[in-house]
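Taking it in order: structure first as structure tokens, then the write-up.
Read the figures in this text as sums done on the coordinates, not as results from a lab. Remember, it's a predicted structure, so these values are computed and weren't measured experimentally. Here the Cβ positions follow ideal geometry from the backbone for every residue, glycine too, while neighbour counts run over all protein chains shown.
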Amino acid sequence: MMRSLRELWTMNGWLADRNGDEVPDGVKARFVLGRDNPSGVKRGWIELAGRLGLETTGLSFPLMHWDDAADLLQPDSVFIGINHKGFSNRVIVDWDKYLAKRNALQEGQGLIAIVKLQSGEDAIIVTGKDQEGVYCACLHLATYIEEDSTNENGTPASEWIVDAPENRDDRNNGTLQTANGFCSPALPEQIGLDSLFTEQGLFRRNEHDLSNVLQLRFLSEDWQDDEITAAADLATRIGLEATGLQFPITRGTAEWRPGDAFSIFLKGTYWSPSIHLEQQDRQIRLVIQGTDINNTVRWMTTELFGTNDQPLERTWRQAAFLLRNPSHPMRQRLLHEMALERSLQNLRGVKAEIELAESIATPIDLWQKTVDRAGADAEIRVIRQEPAFSLRWEEAGEFARITDLFQQSLSAIASGGKVRVEAGVTLSPASREKLALELHMMGSERGIEVETRICSAWKQGYSWIEQEVLPELKQAGDVGSLVIRFSPFVAPEGKPCKELPIRWLQELYPIDEVIGSELGIRAEQVTFVMDDMQQSTYVLVAIDNMGTEIKTYEFQARTGEYLFLAGMEEEGSVYPPTGWMRMTVGNSIIFDQNVATDLEHFWDWYQNSFLSQLTAWLEQTGKQQAPLFGKLECHVKMDTEERLLNIREETFSILEALHEDIYFNTLDYVTALGKRKGLDWEASGQILPWMESVFGIAPNAQILFYDLPPSLQQVRLNDLTIDPVHCFDMRIVGVRWEEEELRFLTEGENPEASEVETWLRNLYKSERVPQADKPLPLTSIPLDQVIDDQRLKSLYRAISQLDGVQVHPMELSYQGREISVVELTLPVDAEVVSKMKLSLWKPTLFINARHHANEVSSTNAALKLIEDLAKEQSDLLKRCNVIVSPMANPDGVAAHYAMYLVNPQWKLHAARYNAAGFEFAKHRFREDTPYGESRIYEKVWRRWAPDIVLDDHGVPSHEWVQPFSGYNSPPRFPVSYWLPHALIYTIALALDNSMFPQHAGIREAILRILAGSMKEIDSIRIGNEYWLGRYQKWGNQWLPEPFPLEIENGLITYRRKGNPDSQSRNLGERYAHLVSLDLITEVADETADGMYLSECVQAHYELDLAVVEWLSANLQQVHRERVDTDSGTIVRLFRPRPLQV
């Protein structure tokens, strides 16, 4: 029961909360308008309707009923007018008292009063002495906020008498004024009807404070009933998407004044219905006229509102958006589709064959839809691109080089003699045994006894201890501890190099755990000392349980020398492990020489042959703008040692290291080449190293190099090239119905305008054809399996059936794959729900997952979080919205999954960046980017303006070394990722605490909660403690700068210093005053699989859930503000940012 007008704009008044989240999501008031009242009365309803839309997050229609078709005794009724049919004492208690108050009003005065119905329900009457008074009463309701709603003595008001404002109808005739620092952003100079009612058009937010205060004016010549209802519905729908309105929003005449930013003229006529858009000097006029104007507006609110750039839904609005944006990378494809459809329509009844270039074939569904719209019988074939050039390399290999050198040296040994042969090779263990046997046989043929020790030249210190020292110590027994001394790495002659001083320690990793397992001691009993005085690379001292030295062992490691980047001495040198052979007769060394490994021979060829040819090709083709090429496939086969170490996820893999070197070194080389020319060549092209270890094979490699696909001759129909439609600049400025068929009106430089309009009309028709949905049952989200882009599609279909979950295909990647964003909100029973208004009333969390495609666990964790929030923990959504991008880099995921099927334990960084080899985050907020993956952040921001950003990443699950990059992770990274830091850790953006004290408080509060929550889960705590000890022992204690450490309550938590920057690609810096926290999470998941993947998924999931719980526990308040200006009264809603804690 309403006791005060103070409660009108609350859930005790006119607003409804249908899902129990304390947020208005509908209108429960039932508005009754007197049909026989003059137009001024009815126009007041439009003002009130705009405010109703402004106040809620959701709407269902109709909101208003005419009095001649309404039950007047319904609860929550609001009666608007001077007279109502059927009004009498049979409807209203104290009818005579009400009439006396109304009759006592002066001209131009309005009355708003709470009355009692004969049914016992409260109702509100909005009336006046005349139509001016009723209009003023409606306008008063539309513009007041709570502070206005008390009587002079401060008691709650049950009735108001409203005086007419002076010069009311002349207000709102200037531009929208800035009030208290907010204003509405200017509309684009040229906007199409397709984008008018979107976040690109009328509903763009002001980037300073996220306000979207609209100056709106409805015009009509005589305000007929159908114009009133149409205008009111449209005003409510527009108000729903705004954060503020400037009142009044109507004018009694049809006069369009120069100061009207956006005006809507409605005219019911006998003409065919039409909508026409006029724009001049950033002022917009929308003309809606014709018969049945209410249906026209209903079409508008259904068809024209909401996003229009979803790439997988080829709608007329999405097509119009692309046609109006000449620089959009998908536009050329659209023009090909249009031309193909036109050609297919001329071939009806004839079997057709369509050939598509590989570069534009994905997604194939769009092409199939083109065929279906044309009603054609056609087969689609994808034509693979031919390489621009190819190269092949093959050599006899290490086996042959060692045997040849041995054969040449045998002449120095007398028959009957004995020789000891020591060799280091990168061959597999089986081939090492075969090599030893071959050397024995060669010696026997000459009567020479041969003793061999063939060991691995990879991880030489580790291999020496594992293959030589440990077997002897196991036999000796009683080993209590070991001290391993290693020399600091110093490049010959002090040359600049990429190696770290602890390079020789790195080659030992993780020998302490191996020793502990083999000798039955703790890994902590194996200690390391860096000794710059010793001559040998390694000195190992074994000590028994009494503290007595058992034995001392020494070993000298060997390296080759190469330039880090081919032909670029200024970039420094690298010193990869190399092979060797030493022959000893008695105490005399008769041969001792380094023998380059197969890796080194390949690398020499790769740098000096392939990269030279690549450089020449770039010069010859005159490449200037990145990306430079389409794809580089490098297929390598060698006989190498590849095994798991049975220590967590650690591997002993030579080819994995080479895989990483090929990828990153090629990127770095091309980037450096561009810098020499003053060009930005960071995006070289896709680089795919395919590695295979084959026993006994001679090392070989093949490179297939592909240029960028041609822009023309990409579509062929029955062997004829289909040229794209010519359309230079076009926007839709109107629609009209002729004989119940929709027709489009276009404007711009468009030589084929009529054909484009016809195509859009056919596209619109095809959208009306019902599509049969095939429900897909939701099985549990896989936690122990890597999810690829194809499997994700089926999971999207399943989770989209959950209440409150919407899956929006938001972009196409560089190679044409779907990038979707999942929106999680508390379900509400409403016809339409405003995303903008939801983000106003509730704080929003944005989770970005799988930005780097080989960081696999964040996709599983994100989907699991979505499922749980929708099914079991939906109460958390009462206080926040959760927006998730589960797979930000689908091109990388597709490449990763193909390589993962071959080498599932590898890090596979060749899939880290996008299909152009580019860190696409650098192109966020760039209008000219060719990468759809770069546009997701901007779209999410425009749609949701998140308060907290979680960017879920990953780091290697095991050692990361690259022999030709300094035996470390690549130099392009500012810190070393040689070994994991933790199972999970965080990197928080830290703005200046003195300038942003609220941000600092939020950041530190959340970080404390995260540290506590991670400690409470045993598997995460144990994983973090394990890796912290390893990271300190092997990295941080030696070199704190490349191995930094900031720890809080057991959780590594880095704070990355940042500054407000309106050009930043980072949301926390770009919108520093609005984003409360920008946090990166890192989990050691490159590439996790099976049970270990489940551990990584749990770590991401629990941290993300902890942030959702924190956000949900901190209720935020939405405030109303009224500002009177010379041009009108502004009413706006706002939520203070950053978060109020």
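In plain terms, the chain from GLU1016 to ALA616 could stretch by 138.2 nm, reckoned as 0.36 nm per residue minus the Cα-Cα distance.
Remark: segment 97-111, residue by residue, has Karplus-estimated 3J(HN,Hα) of 5, 5, 4, 5, 5, 5, 5, 7, 5, 8, 4, x, 8, x, 10 Hz, where x stands for each Gly or Pro and the curve is 6.51 cos²θ - 1.76 cosθ + 1.60 at θ = phi - 60°.
Suppose we keep just the DSSP beta bridges with both residues in the chain; what percent of those would be antiparallel, to 5? Counting only bridges with both partners in the chain, antiparallel ones make up about 60 percent.
Restricting everything to alpha-carbon atoms, can you work out Rg to Rh for segment 451-515 with a Kirkwood hydrodynamic radius?
Values: Rg = 14.4 Å, Rh = 13.7 Å.
For segment 451-515, the value is 1.05.
For LYS637, give me every one of the aspartates and glutamates with a C-alpha distance below 13 angstrom, ignoring sequence neighbours fewer than eight places off in its own chain. Counting by Cα, and skipping residues close in sequence, LYS637 has these aspartates and glutamates nearby: GLU394, GLU395, ASP598, GLU656, GLU692.
Could you name the lysines whose alpha carbon sits less than 29 Å from that of LYS1033, not counting residues in the same chain fewer than 8 places away? The reachable lysines, counting only those whose Cα sits under 29 Å from LYS1033, are LYS459, LYS474, LYS495, LYS498, LYS551, LYS907, LYS1015, LYS1057. Amide H to amide H, with H built 1.01 Å from N, VAL32 comes under 5 Å of HIS65, VAL78, PHE79, ILE80, counting only residues 5 or more places away or on other chains. Rg and Dmax over the alpha-carbon atoms of segment 1074-1141 stand at 20.7, 67 Å. Distance from a point 7 Å along Cα→Cβ of GLN1032 to each backbone N in segment 519-550: keep the residues under 18 Å and list them by number. Residues 522-529 qualify, since their backbone N sits under 18 Å from the label point.
When only Cα pairs under 8 Å and 6 or more residues apart are kept, what is the percent relative contact order across the chain? Walk me through the numbers on the way to the answer.
On the way: 2470 pairs, mean separation 125.5, N = 1141.
Computed over the chain, the figure is 11 percent.
Here is the size of segment 183-252 from its Cα atoms: Rg then Dmax, 13.1, 40 Å.
Net charge near ASP784: determine it from the other residues with C-beta under 11 Å of the C-beta of ASP784, scoring Lys and Arg +1 and Asp and Glu -1. Neighbour charge sum, excluding ASP784 itself: -2. The mean sequence separation of alpha-carbon pairs under 8 Å and at least six residues apart, normalised by the residue count of segment 5-165, gives a relative contact order of 25 percent.
When DSSP assigns beta bridges and you keep just the ones with both residues in segment 5-165, what percent turn out antiparallel, to the nearest 5? Kindly include the intermediate steps, with their values, before the conclusion.
Details: 15 of 26 bridges.
Within segment 5-165, antiparallel bridges account for around 60 percent of the total.
For segment 664-673, the Karplus equation 6.51 cos²θ - 1.76 cosθ + 1.60, evaluated at θ = phi - 60°, returns couplings of 6, 5, 5, 4, 5, 5, 5, 4, 5, 4 Hz by residue, with Gly and Pro reported as x.
A cut-off of 5 Å between modelled amide H atoms, ignoring neighbours fewer than 5 places along the same chain, links THR651 with LEU645, GLU959. Close amide H partners of THR1125, meaning residues 5 or more places away or on another chain with modelled amide H under 5 Å apart, are ILE1130. Our note on the geometry: Cα centres of segment 734-769 and segment 634-672, 55 Å apart. Cα centroids of segment 1112-1141 and segment 25-55: 24 Å apart.
Summing Lys and Arg as +1 and Asp and Glu as -1 over all other residues whose Cβ lies under 14 Å from the Cβ of LEU1074 gives a net charge of -1.
Report, ordered by chain and residue number, the aspartates and glutamates lying within cross-link reach of LYS418, taken as a straight Cα distance under 15 Å and ignoring same-chain residues fewer than 8 apart. Cα-Cα hits under 15 Å: GLU445, GLU449, GLU451. Taking only the Cα atoms of segment 533-621, the ratio Rg/Rh comes out at 1.21, with Rh defined as the Kirkwood radius.
Where does each of 616-626, 672-682 land if you order them by average Cβ count within 10 Å, highest first?
Values: 616-626: 13.3, 672-682: 15.4.
Output ranking for 616-626, 672-682: 672-682, 616-626.
Sequentially through segment 1063-1077, phi angles give Karplus couplings (6.51, -1.76, 1.60; θ = phi - 60°) of 9, 5, 7, 9, 4, x, 8, 5, 10, 4, 7, 10, 8, 7, 8 Hz, Gly and Pro residues having no value and appearing as x. Each of the peptides 889-898, 542-551, 1050-1059 was scored by the mean count of other Cβ atoms within 10 Å over its residues; in descending order, highest first, they stand as 889-898, 1050-1059, 542-551.
For SER444, what is the net charge nearby, where nearby means another residue's Cβ is under 13 Å from its Cβ and Lys, Arg count +1, Asp, Glu -1?
Numbers: positive: LYS418, ARG446; negative: GLU438, GLU445, GLU449, GLU451.
Result for the neighbourhood of SER444: -2.
Counting only Cα atoms, segment 828-948 measures 48, 38, 25 Å along its principal axes, largest extent leading.
Report note on the peptides 843-852, 697-706: ranked by the mean count of other C-beta atoms within 10 Å, highest first, their order is 843-852, 697-706.
Scaled to the globular estimate 2.2 N^0.38 Å, the Cα spread of segment 477-555, given as radius of gyration, is 1.21.
Here is the size of segment 5-165 from its Cα atoms: Rg then Dmax, 14.8, 44 Å.
Roughly how big is the chain's charge dipole about its Cα centre, with Cβ charges of +1 (Lys, Arg) and -1 (Asp, Glu), in debye to the nearest 20?
Details: 112 positive and 167 negative charges, 272 e Å.
Rounded to the nearest 20 debye, it is 1300 debye.
The value obtained for the chain, namely the Cα convex hull volume divided by the number of residues, is 201 Å³ per residue. Antiparallel beta bridges, as assigned by DSSP with both residues in segment 459-557, represent about 70 percent of the total such bridges. Between segment 439-514 and segment 321-367, the alpha-carbon centres lie 61 Å apart.
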